[in-house]
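See below for the structure under consideration.
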Amino acid sequence: MVERSPEEDPFLPTSPQMASWNPDAPRSCDCFVSVPPASAIPAVIFAKNSDRPRDEVQEVVFVPASTHPPGSRLQCTYIEVDQVSETHAVILSRPSWLWGAEMGANEHGVCIGNEAVWTKEPVGEGEALLGMDLLRLALERSRSALEALHVITGLLERHGQGGSCREDPAPFCYHNTFLLADRTEAWVLETAGRLWAAQRIREGAHNISNQLSIGTDISTEHSELRTHALAQGWWGGQSAFDFAQVFSLTQQPVRMEAAKARFQAGRELLQQQRGGITAEVMMDILRNKESGICMDSGGFRTTASMVSILPQDPTQPCVHFLTATPDPSRSVFKPFIFGAGVAPAPQVVSPTFGAQDPVRTQPRFQTQVDRRHSLYRGHQVALGLMESGQDQGQQLWQKQRDLEQEGLEAARRLLAGEWAPPPQELGALFQAFVERESRVYG
C-alpha cells in the first residue's frame, strides 16, 4: 500500500492513511508554559487543555516509583518495549482506554503535554508507540525536561510512532509535538515521523497548538533532519533552515488553519499577563471559550485540564492541579502533591475490562464499554444543570469555584511557608478534594 501525505490528499476522509481528516475528528489541544520573569512568582508554570472525542473519559492515575528486574518488557498501548531498571512516580491524566497519557508530571518536577500534528512526512497506520505512550515513558524515566526529551527521541528512533489515537474502528493517526517543563526551563519538541527539532525556552511565556512552531531557532535536532529535507526537495540548502516552513503542509486543512487562530489567541493571552502569570491566570486561559482554547464544538471538546506550579527552589514542593472532568469552565482544578502518603483516588479511576477490553481484542475497537468513573458520572449530571442556566446549576458552579479557591489558597500558603503539613497530609490532598467535589454532586 502506498502512503500519501495530507498535502497530496488533504481532505479525503476515506483515504486509509488519512482517516484522521474527518471534519469531526479531534485535532486540537493547547499547551502553555511560563518561565520567570514571565511568572509572577519564582516558578515555572505549565498548563494544558486536552481536547479529545466528546464522550471519551479521561482518568487521573497515580503510579508509584518502582524497580524492575533486568530483561523486563513493558506493554504500552499497542507494542512492547524494554523496561528500565527504575521508574519514577507519576501522576497522569489519560484517556482511560490507553496506556500512555495526554499530560502528567513526575516526582522530580517534570511536566509534559503532547499535541497532534500533521506534516509533509506521511502518517502511517502501523502500530508503534503513541505520542501519549512516549509522554508517559519520558515521565517515568527522566529527572529533567532535557532528559525527558532525550528519552522521547531515543524511543522514537528505535520504535517510531504510530497507531490509532482514538477508541474507534476508523483509524485516527498523527505525529506529535511536546511541551516539556521542569523547575528551571522548558523545551518544545516537534516531530515528523522519526525526525524532530527542539527549542529551549529559558525565559518568557510560550504556547503550542497543533502546528509546527519552531522556525530557525533550533536548539537541537535529529542528525538527518536537514539531509532528509534536501533529499525530498523541501529545502534547497542555501537559505536558513526554518523547520516549520520546511516541514509544514503547503495546503492546510480547515482545522489546522483554526489551530493557527488558537495559537495566536493563546500567545496574546500570555503576553497580556507577562510578568504576572500565576496558576490562576493559566486556569483562566484554559477556560477561554471565545478563543476556542476551551473547546466545545461538534464531535470533540476539552475532556480534561492540568496546571502545574514548579518552584525554582528545589526545597519547595511542586503543585499540580487536575480536573479529571471535561470543560474546565465548569470543572474544579484539584491540587496534587507528591508525598509519602500518596494514594490513588478511586473516584477518578475508570473501570478495567482485562482481556475483553476492545483495545485488546482483534480487530480492535469493534465494541464499546462504559469507562466512566464515579466523579465523571456525578459531573455529567452537574454539567447538564450548569449548562441549562437554572439556579441549581449556578449554585453548583459557585460551589466548584469555592472549592477550587480553597485548593489555590492551600498551594499559596504552602509555597509561602505559612503551612507545613506532614508529608502524609500532602499526599492525601488530591484525594480529599476529589471526595469533597463528589459530595458537591451528591
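The values are calculated or read from the model by the stated rules, or taken from the named source; none is laboratory data. Quantities reported herein were computed from a predicted structural model and do not represent experimental measurements. Please note: Cβ atoms are built from the backbone with ideal geometry, for glycine as well, and neighbour counts cover all protein chains shown. What goes into the accessible areas is simple: the full protein's heavy atoms, side chains included, and nothing from ligands, DNA or RNA. Shrake-Rupley method; radii C 1.70, N 1.55, O 1.52, S 1.80 Å.
Let me cross-check His222: its accessible surface, 1.4 Å probe, with only protein heavy atoms counted, in Å² to the nearest 10?
20
If you take the square roots of the eigenvalues of the alpha-carbon gyration tensor of segment 326-389 and sort them as a ≥ b ≥ c, do you get rounded (a/c under 1.5), prolate (a/b over b/c) or oblate?
oblate
Would you calculate the separation in nanometres between label points at Arg413 and Val381, each defined as 7 Å from the Cα along the Cα-to-beta-carbon direction?
3.1
Below 14 angstrom from the Cβ of Gly393, what's the summed charge of the other residues (Lys, Arg +1; Asp, Glu -1)?
Local net charge: 0.
With the cut-off at 28 Å, tell me which of the pairs Lys48/Lys260; Lys48/Lys399; Lys120/Lys289; Lys260/Lys334 have Cα atoms farther apart than that.
The answer is Lys120/Lys289; Lys260/Lys334.
Taking 2.2 N^0.38 Å as the expected size of a compact globular protein, what ratio does the Cα radius of gyration of segment 61-149 give against it, to two decimals?
Details: Rg = 13.3 Å, N = 89, 2.2 N^0.38 = 12.1 Å.
Expressed relative to 2.2 N^0.38 Å, the Cα Rg reads 1.10.
Roughly how many whole Å is it from the C-alpha centroid of segment 169-222 to that of segment 235-278?
Centre-to-centre distance over Cα atoms comes out at 11 Å.
Filter the trypsin sites (Lys or Arg not before Pro) in segment 180-258 to those in DSSP coil with at most 16 other Cβ atoms within 10 Å of their Cβ, and list the result.
Arg202
Throw me the Rg/Rh for segment 260-309, computed over C-alpha atoms with Kirkwood Rh, two decimals.
Taking Rh as the inverse mean 1/r over Cα pairs, Rg/Rh reads 0.98.
Between Gln251 and Glu86, what is the label-point separation in nm under the 7 Å Cα-to-beta-carbon projection?
5.3
Could you sort Trp196, Trp419 by accessible area so the largest value comes first, with the probe set to 1.4 Å?
The ranking, largest first, comes out as Trp419, Trp196.
With every protein chain left in place, what is the accessible area per residue of segment 47-124 in square angstrom, probe 1.4 Å? Please list the in-between numbers first.
Working: 2160 Å² over 78 residues.
Normalised by residue count, the accessible surface of segment 47-124 is 28 Å².
Note the full-extension length gain between Glu435 and Arg200 as 0.36 nm times their separation in residues minus their Cα-Cα distance, in nm to one decimal.
Computed gain between Glu435 and Arg200 is 80.7 nm.
Heavy-atom accessible area of Asp284 with all protein chains present, probe 1.4 Å, nearest 10 Å²?
That residue has around 90 Å² of solvent-accessible surface.
What net charge is computed for the residues neighbouring Leu230, neighbours being all others with C-beta under 15 Å from the C-beta of Leu230, Lys and Arg scored +1, Asp and Glu -1? Don't skip to the answer; put the middle values down first.
On the way: positive: Lys120, Arg226; negative: Glu121, Glu221, Glu224, Asp242.
Within the 15 Å Cβ shell, the charges total -2.
How many nm separate the modelled label positions at Lys260 and Lys289, each set 7 Å beyond the Cα in the direction of the Cβ?
Result for the modelled spin labels: 2.7 nm.
In terms of solvent-accessible area of protein heavy atoms at a 1.4 angstrom probe, what is the ranking of Tyr376, Tyr441, highest value first?
Most to least solvent-accessible, the answer reads Tyr441, Tyr376.
Under 13 Å from a point 7 Å along the Cα-to-Cβ line of Asp55: which residues of segment 337-374 have their amide N that close?
Under 13 Å, as judged by backbone N against the label point of Asp55, lie 367-372 of segment 337-374.
Give a residue-ordered list of calculated ³J(HN,Hα) values for segment 209-225 (Karplus: 6.51 cos²θ - 1.76 cosθ + 1.60, θ = phi - 60°; whole Hz; x for Gly, Pro).
My calculation for segment 209-225 gives 8, 6, 7, 6, 10, 7, x, 8, 7, 9, 8, 7, 7, 5, 4, 9, 4 Hz in order.
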